[in-house]
Each structure stands twice: as C-alpha cells, then as structure tokens.
Amino acid sequence: MSGRLSGYPKVVGRIQRELVEGLVSHAYLVLGPPQVGKMVLALDLAQALNCEGPDVPCGRCPHCQKTVALAHPDVQVLALLVDQKSERFHQVVSIDQVRALQRDASLHPYWGKYRVFIIDGAQRMSTEAANCLLKTLEEPPPACIIILLATEENDLPATIISRCRKVYLRPLPVSQVERILLEQGTAPEEALLLSRLSGGRLGWALSARGETRLMSARSSVLGSLRGGLGGGIPERFHLAEEMAGLFYKDRSALERALQIWLGWARDLLLVRGGFNQGISNVDEEQALNQWSERLSNKEILAFVKAIISTLECLERNVSPRLALDALMLQAPHRGADA
Ligand SMILES: [Zn+2]
C-alpha cells in the first residue's frame, strides 16, 4: 500500500487491511482543515477499492487512472453545484443530488468492485439531503462506499456521524508536501515555494501547481500590501476600499488576501530573528530583507495581531470597510516601497 498521493499511508493502509479482512466500512467521514488533502485521500481510497494492481492503489491500472481523472463510472463526486444564471455556488448540497446518489448506489458496480460516492463539503448538506442520505447509511446497499468530507464534525448531524468511521487529517510536515510535489514532477523551485506556502496542506499545494492565476493574484496582493505600508493615509484608505470591494465580490477572496498578508508579516518576524531558512514566501526574500530593516518587531507584531483581529471581525460580520480602515490605520508605515 503506497498511499501514493495523499501522503497519508497509515490511513490508507489501515483501510486496506479492513478491505482484505472484509471489514471495510460502508461509510467514512474524513475530517480536517480546508484543503488539507481530504479529497486527495478520498480518491486514494476510491483507487484502493477498485485497483487491480499488485500494490494497491497502484496508480497505473485503468481503474486508478480513471479514478484520479474523475472519469471512473463507479466513482462519483458530489459537491456544491454552480448556478447557471448567477455563476455562484449553491449554498447547499441539495436533496436532488442525494436522491440521485441513492438511486445509483442501489445499482451494481458498472466496472469496478465498488461504487464509491464522495460528498465534498458534507457539512453543507441541506437538512432534507442529510435525512435522505441517512436512509442510505442505515441500509447500505452492497458494494457501495460513501466517503463524506467535512472540516468540522460538529457541523454534521449526530445521526450521520454515528454511522461513519471517522478519519482525521492534520497538515503534513512541509518537507513531505515538497517531496510529494517533486514526485509529481513539479519543478524544485515551485515545489519549495508551494510546500512552504501550503503550511502542510497538501490539497492546497496540489491544486496550486501550475496555477499561474493564483500565483499572480498572490503577487498583486503582496504588491498592494507593500504599497500600503509605503503610502500615506489616502493610499491606505484607497487600499481598504479596494480590499472591501473584494469582499463584496467574493468573501473568501478577501480572507485569502488577508491570510497572504499574515504569512508575509510572519515571515518578516522570522527574517528579523535571522531565521530566513524558515520563511514561507521564499520568492519574496529580498523584499522581506528590505522591509525587515525598516520595521521593528513591535510594529510587525502589532500588525500581525491587527490582521488576525480583522479576520475575526469579518467572521462576526462586522462591516468589511470599517474593519479594513481600522487595519490600515494600525499597519506600520514607512516611506516608499522597497
Ligand atoms: Zn491500480
């Protein structure tokens, strides 16, 4: 058992033993922080369940290949759908989606040994959808495995949780993420940067590979931050306005931008402590060196705290513009940009 991609060989190994011993559970609940690699693990499991190779999941047999390409007829992923008109994600996994699952789950596997259903964002199931799924979990059809992915166990109904075998995923060591990226053919420089930025969240690192849009968005977020730190009050309020605009377009985009700022500010502290080898933004080392000379530990720490409190304010639904204005007033300020 290689646990090829997920980096969680122990978890995949345990389930493989359950498979061999005929004790495989009909439902698993995979829990862990956003983008930690829950879907990667679920696809590893789906591969393992249908793999025909000698060392499952082999990653090479037709079942494994079709599974990772999301093209296996017996493996289905349920996730939030995008509304055709508004192009926004629906808020919940709907009852219609779960009804379709129920219907398909009662059929024999078409090609593999098992039908596997992966429900991404299981905490976003509507109450009707959860009740409908419960019926399937109570009377599981043979050769059908349901894998629920969720960030928090508390967000799911207890009746669902009690019918699943739980698997907890924590972020991996950064070096392990880097090794997996290298094995996947990522260039060494990119593997180093992405593994550091991922903070051990393999799912994020894998999805960020070759995503030039994502990386250029990050560059522009960092550029605005440096502009803000180097600008006067009008520039700062302008930046707050721009960031608030981000929120109204896509709430999570603002949160991501603030997380990028937070990572950069933490790196500043590391550089100030002479620990350059520990920074996450490895491609920013030169700018970090320059800014670390302009700002004191006290100023940077205060900024870190202000970003964290802004993130908390947003979670409490404080007006984003107000929260961002306050943040920009608390941000340290030094002359022109590096
Ligand atoms: Zn295989």
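Which residue is surrounded by the most Cβ atoms within 10 Å (Cβ to Cβ), if the candidates are limited to the range 116-144 and must be over 16 Å from Ser94 (Cα atoms) and touching a helix residue (DSSP H, G or I) at 6+ places or on another chain (Cβ under 6 Å)? If you could, list the steps in order and put the result at the bottom.
The first filter runs over the range 116-144 and keeps only residues over 16 Å from Ser94 (Cα atoms), leaving 116, 137-144.
Restricting the remaining residues to those that are touching a helix residue (DSSP H, G or I) at 6+ places or on another chain (Cβ under 6 Å) gives 116, 141, 144.
On the way: Val116: 27, Pro141: 15, Cys144: 21.
Looking at the filtered set, the residue picked out is Val116.
Quick grid of which residues meet (1) loosely packed, with under 15 Cβ neighbours inside 10 Å; (2) closer than 24 Å to Gly199 by Cα; (3) at pLDDT 90 or above:
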| position | (1), (2), (3) |
| --- | --- |
| Leu258 | no, yes, yes |
| Arg294 | no, no, yes |
| Asn297 | yes, yes, yes |
| Pro320 | no, no, yes |
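Every listed requirement among (1) buried (at least 19 other Cβ atoms within 10 Å of the Cβ); (2) over 22 Å from Ala205 (Cβ atoms); (3) within 16 Å of the ligand (Cβ to nearest atom) is met by Val20 save one, (1). Here Asp325 meets the list (1) part of a helix (DSSP H, G or I); (2) within 16 Å of Asp267 (Cβ to Cβ); (3) in contact with a helix residue (DSSP H, G or I) (Cβ under 8 Å, 6 or more places away or on another chain) almost entirely, failing just condition (2).
Determine whether the range 265-274 contains at least one residue that is exposed (fewer than 13 other Cβ atoms within 10 Å of the Cβ), assigned to a helix (DSSP H, G or I) and not basic (Lys, Arg). Give the derivation first.
Narrowing the range 265-274 to residues exposed (fewer than 13 other Cβ atoms within 10 Å of the Cβ): 273-274.
The next check asks that each one be assigned to a helix (DSSP H, G or I); those that pass are none.
Within the range 265-274, none of the residues are exposed (fewer than 13 other Cβ atoms within 10 Å of the Cβ), assigned to a helix (DSSP H, G or I) and not basic (Lys, Arg).
Could we say that Ser25 is in contact with an Asp or Glu (Cβ under 8 Å, 6 or more places away or on another chain) and more than 16 Å from the ligand (Cβ to nearest atom) here? Spelling it out, Ser25 is indeed in contact with an Asp or Glu (Cβ under 8 Å, 6 or more places away or on another chain) and more than 16 Å from the ligand (Cβ to nearest atom). Could you grab me the full set of residues in the range 31-56 that are surrounded by fewer than 20 Cβ atoms within 10 Å (Cβ to Cβ) and more than 11 Å from the ligand (Cβ to nearest atom)? Once the filter is applied, which keeps residues that are surrounded by fewer than 20 Cβ atoms within 10 Å (Cβ to Cβ) and more than 11 Å from the ligand (Cβ to nearest atom), the range 31-56 yields Pro33, Pro34. Looking across Leu246, Leu258, one residue alone is part of a helix (DSSP H, G or I), of a type outside the set (Val, Ile, Thr) and either touching a residue at least 24 places away in the same chain (Cβ under 8 Å) or closer than 23 Å to Gly200 by Cβ (or both). It is Leu258.
A search for C-beta distances below 6 Å between a residue of the range 278-302 that is part of a helix (DSSP H, G or I) and any residue that is surrounded by fewer than 15 Cβ atoms within 10 Å (Cβ to Cβ), counting only pairs 6+ apart in sequence or on different chains, returns Arg294/Arg334.
Restricting the range 59-71 to residues that are touching a residue at least 12 places away in the same chain (Cβ under 8 Å) and either hydroxyl-bearing (Ser, Thr, Tyr) or over 24 Å from Ala208 (Cα atoms) (or both), which is farthest from the ligand (Cβ to nearest atom)? So the residue we want is Thr67.
Elements of the type helices (runs of 4 or more DSSP H) sitting completely within the range 113-225 and holding at least 1 residues that are within 18 Å of the chain's Cα centre (by Cα): these cover 174-183, 188-198, 202-208.
The values are calculated or read from the model by the stated rules, or taken from the named source; none is laboratory data. Quick caveat: nothing in here was measured; it's all calculated off a predicted structure. Methodologically, a virtual Cβ is constructed for each residue, glycine included, from the backbone with ideal geometry; neighbour enumeration extends over all protein chains shown.
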